[in-house]
1. So, R0 is 35 Å and r is the distance between the beta-carbons of residue 77 and residue 150; what FRET efficiency does that work out to, to 0.05?
2. Under 30 Å Cα-Cα from residue 109, which lysines qualify once same-chain neighbours fewer than 8 residues away are excluded?
3. Given the whole protein assembly as supplied and a 1.4 Å probe, what does the accessible area of residue 275 come to in Å², nearest 10?
4. What spacing in nm lies between the two simple spin-label points modelled at residue 14 and residue 158, each 7 Å away from Cα in the Cβ direction?
5. Grab the Cα-Cα distance for residue 62 and residue 224, subtract it from 0.36 nm times how many residues apart they are, and report the gain in nm with one decimal.
6. By its C-alpha gyration tensor, with a ≥ b ≥ c as the square roots of the eigenvalues, how is the stretch 1-41 shaped: rounded for a/c under 1.5, else prolate for a/b larger than b/c, else oblate?
7. Please work out the FRET efficiency for the pair residue 38 and residue 172, using the Cβ-Cβ distance as r and a Förster radius of 30 Å; give the result to the nearest 0.05.
Amino acid sequence: MAEPVTALVVDDEEMTRAIVAGYLARIGYRTLEAETLAQAWSILNTPDVTIHVALLDRRLHDGDGLELYERMKAVPALAEIPVIIQTISDSSAEIAAAVRAGVFHYLIKPYDGALLRSVVRAAEESSGRMKSLRGNLRSRADAIALLRDATFRFRTPQEAQNLAIALSSLANTTHSLTFGLSEILMNAVEHGNLGIGFEAKSILKVDGKLGGEIERRLALPENRDKHATLRVERGDDRIVFTVTDTGPGFDSSRYLTLDAFQSTATHGRGIALARMVGFDRLTYVGTGNQAVGVVDLTRSGPDADGPTAGGR
């Protein structure tokens, strides 16, 4: 019998923990609950207990949920657990700090069950993919480090993820760059080449049908030969990533900042967060079907002082 997916819910409000547990039970998840950082740490270190995803509140009686996450990252057995931070604050600075730290997603309270289930399921599935890909690609890091100028073609989400993980080893901010590259590459596939708009994606994610719709559109005759391209130019002081898709483009200004409406959506924050934590500069040029992300190699990366201004 397969092991049930287990979520750790850390929140000092009993009602919130119960509501979250109820939401997740509907998709077959088991939940373990903690109201303090100390209780959560004890659960995480309990033998024979496997946590597949953790939801941490930022404001707890005995500290900040991010403190627990930082402790988790220092323990190899816990470092790969995807973490979702939840809070009542919609501060862009707090959101950026959480994503820089490496959390999978940031939820603003109150949120509905459909959003929570979508994010938790995506975190658990993405974590499995990332572990597998990192294991396969770790031995190739030395070869990737030799890259100076290259162009890649990709057409599927899997190919986009493979590229993001492989090429993130070019910089010393691996997690942040993986996140940033993944967002702009996936946008090129889903929105650019396949024409899945914001509203349509919202409905598909809530219904759990996004993957199936992507596969259906990839198989359509008009899409079979569509590829997006990634150009990588690496110099001594910076790396420039240029992603171009075949779509008509979009109004990127709407997505380059963390608008209030995006805080409760199932998606839509990726480009803004990629700009804030994945690159030192991210711009969309032309009609919006070309993204240019720059990583400054003379600094420690986007985590050093925060990103410079980008966008239009």
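1. Details: r = 36 Å, r/R0 = 1.02.
Taking R0 as 35 Å, the efficiency between residue 77 and residue 150 is 0.45.
2. Leaving aside lysines fewer than 8 places away in the same chain, those within reach of residue 109 are 73, 131, 201, 205, 209.
3. 50 Å²
4. Each label point lies 7 Å from its Cα, and together they span 4.8 nm.
5. Numbers: separation 162, 0.36 × 162 = 58.32 nm, distance 5.40 nm.
That pair, residue 62 and residue 224, stretches by 52.9 nm at full extension.
6. Details: a/c = 4.54, a/b = 1.48, b/c = 3.07.
Note, shape of the stretch 1-41 comes out oblate.
7. Numbers: r = 33 Å, r/R0 = 1.11.
In this case the efficiency is close to 0.35.
The values are calculated or read from the model by the stated rules, or taken from the named source; none is laboratory data. Bear in mind that the values here come from a model prediction, so they are computed numbers and not experimental data. For neighbour counting, all protein chains shown are included, and Cβ atoms are generated from backbone atoms with ideal geometry for every residue, glycine included. These accessible areas exclude ligands, DNA and RNA; they are computed on the full protein's heavy atoms, side chains included. Shrake-Rupley method; radii C 1.70, N 1.55, O 1.52, S 1.80 Å.
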